[in-house]
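Scroll down for the structure; my scribbles are underneath it.
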Amino acid sequence: MAKILVIDDEQSIRNTLREILEYEKFDVDDARDGLEALELVDQKEYDVILCDIKMPKMDGIEVLDHILKKTETPVIMISGHGTIETAVEAIKMGAYDYIAKPLDLNRLLITIRNAMDKSTLITETRTLKRKVSGTYDMIGESPAMKHIREMIDKVAPTNARVLITGDNGTGKELVARWLHEKSQRATAPFVEVNCAAIPSELIESKLFGHEKGSFTSAIKQRKGDFEQANKGTLFLDEIGDMSLSAQAKVLRSLQENKIMRVGGEKEIPVDVRIITATNKDIKEEIKKNKFREDLYHRLSVIIIHVPTLNERSEDIPLLADHFIRQICEEQGKPVMTFTDEAISELKKITWTGNIRELRNVVERLTILSDDPITGENVKTFVASV
């Protein structure tokens, strides 16, 4: 049953609205002023809130402002004293709608139904976001993982550039995504570039964009990843594989907060947080003249090292359980379990592919084994491969 909160200083209006809304099968709470209403909003979740504008102690516009800071619940403003300016102000602040007194009950009910549709969409969106973010859960309670979480919590709210180091498959992208999700840029784009997967002759066009006709296949203007990530985060994965010419341009863009498209003459200002990752020893690359030392110092304000799975084997039970639940859900089958012997066998494996390899192994065991997965299953389907 949908819950509605009615805020009005007139007892007769609260009673009338309660009677009508309960007849329409809504669950109704009411408050005689803004302070009482805010206490209820702190205690309960509502699908729609009706709020009068002219009230003692705290007027409706002030109540609206406080509610919008606490919740995304649609608020419908009602008033017999309002003006067009008041209505416009309320809508600009984020009110769902404005209805003048005396209330047209048909219009009120239609507006409430529409607001409930919006509330449902907000809930569904929040659920979907949780599912998506679940894909990027940081699983593990080892000291190394606790340290990484602490670093993320400290660094994410800042604009400091972060260099993430670690072997392939350890979860460097996951750290980058959480740095973005916990930053003030979380609502802006997160753009990922795999520098190792892009030919050196195309990396500059990919990062900075190009103008039409700047090279043979440039049939139209293209915005680069710096522009697409504006106000957000640009994650340069495998930065150690970037060409020296591209490194020089990246360095310049970091110094000036401006980029220039390939074939262009106009400098374009960008506001981008740069996060980079590599599986290489950048200091060794510098010695080999394969990486610019000045760029390294620009990128490595904060360094976060992600350990190998072999260095955090105590997390294998949690990871295996997480992956098997995830995979079984994807495959539409009942969640399977591991025996203690199976977990022990998983801990004995040398994981050259780290977390990525563990997930593949769990998926293989899910497909080929019966429930529960035994130590013998691990020996048969993993050790023999």
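Bear in mind that the values in this text are calculations on the coordinates, not laboratory data. Treat the numbers as computed from the prediction; the structure is a model and nothing was measured. When we count neighbours, we look across all protein chains shown, and the Cβ atoms used for this are built from the backbone with ideal geometry, even at glycine.
Structure values in brief
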| read-out | value |
| --- | --- |
| Proximal lysines relative to K44, as straight alpha-carbon distance under 18 Å, when same-chain residues fewer than 8 apart are discounted | K3, K69, K70 |
| Mean residue ellipticity (222 nm) of the chain, computed from DSSP H runs ≥ 4 via -39,500 (n - 2.57), nearest 500 | -14000 deg cm²/dmol |
| Cα lying deepest toward the dipole's positive end in region 244-344, options Q326, L309, I259, charges on Cβ | I259 |
| Spherically averaged projected area of region 147-304 from its Cα convex hull (nm²) | 9.1 nm² |
| Packing-based order for 98-108, 270-280, 176-186, using average beta carbon neighbours within 10 Å, highest first | 270-280, 176-186, 98-108 |
| Lys/Arg +1, Asp/Glu -1 at C-beta; the chain dipole; positive extreme among A218, T339, M138 | A218 |
| 23 Å Cα-Cα threshold exceeded, pairs from K283/K348; K182/K283; K258/K287; K206/K283; K249/K290 | K283/K348; K182/K283; K258/K287; K206/K283 |
| Modelled FRET efficiency - R0 22 Å, K379 with R325, Cβ distances, 0.05 increments | 0.45 |
| Distance from region 273-298 to region 146-169 (C-alpha centre basis), Å | 17 Å |
| GNM top mover of K347, K212, K44 - the chain, alpha-carbon springs below 10 Å | K44 |
| Region 3-133 - Debye-derived log10 I(q)/I(0), Cα point model, q = 0.12 Å⁻¹ | -0.42 |
